[in-house]
Amino acid sequence: MTEPGYSARTQGIRQHGRASAGEAEHVRAVLRDVQEAFARAGRPMGDDQYGAEMEKRYPVMLDGVIAAFHAYIDELEGVGGGLHVTAATYEAAEGSGA
């Protein structure tokens with residue numbers, strides 16, 4: 001009879017951590033593309049009243065887009081790092097006979 005308990009596949013945990021880190025790299029590349037697109041476009045707001053209003057809000061909107069990318073990258077890296085630590089913790093517990 002098997003004792004009740006919990007087991008974790010540390011290899012699977014590490015694999016998901018690497019996937020999260022890989023996604024962070026992908027998002028960094030997308031962010032570079034977005035920044036380059038903004039730089040190429042300049043400020044295409046137009047000369048009408050709508051363009052003038054958007055021109056006022058443009059820096060804040062751009063900063064918000066860039067900040068959202070950075071927050072997502074930080075989250076992905078945090079998940080990847082946390083899963084790496086989790087796998088190491090399980091391995092240490094299994095190695096100690098706990």
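The values are calculated or read from the model by the stated rules, or taken from the named source; none is laboratory data. These numbers were taken from a predicted model, which means no experiment stands behind them. We place every Cβ from the backbone using ideal geometry, glycine too, and count neighbours over all the protein chains shown. Calculation scope for accessible area: heavy atoms of the full protein, side chains included, ligands and nucleic acids excluded. Shrake-Rupley method; radii C 1.70, N 1.55, O 1.52, S 1.80 Å.
Applying the criterion of being among the hydrophobic types (A, V, I, L, M, F, W, C) and open to solvent by 40 Å² or more (accessible area, probe 1.4 Å) to the residues of segment 6-31, the residue that is nearest to residue 79 (Cα to Cα) is 21.
Scanning segment 35-78 for residues that are open to solvent by 80 Å² or more (accessible area, probe 1.4 Å), within 12 Å of the chain's Cα centre (by Cα) and free of Cβ contacts under 8 Å to residues at least 40 places away in the same chain gives 70, 74, 75. Only one of the numbered conditions (1) assigned to a loop (DSSP other than H, G, I, E, B); (2) touching a helix residue (DSSP H, G or I) at 6+ places or on another chain (Cβ under 6 Å); (3) not aliphatic (A, V, I, L, M) is violated by residue 20, and that is (1).
Residues that are in a helix (DSSP H, G or I), acidic (Asp, Glu) and modelled with pLDDT of 95 or more occur at least once in segment 75-95. Modelled with pLDDT of 90 or more and either farther than 30 Å from residue 94 by Cβ or of a type outside the set (Asp, Glu) (or both), is that true of residue 52? No; evaluated as a whole, the condition is false for this residue.
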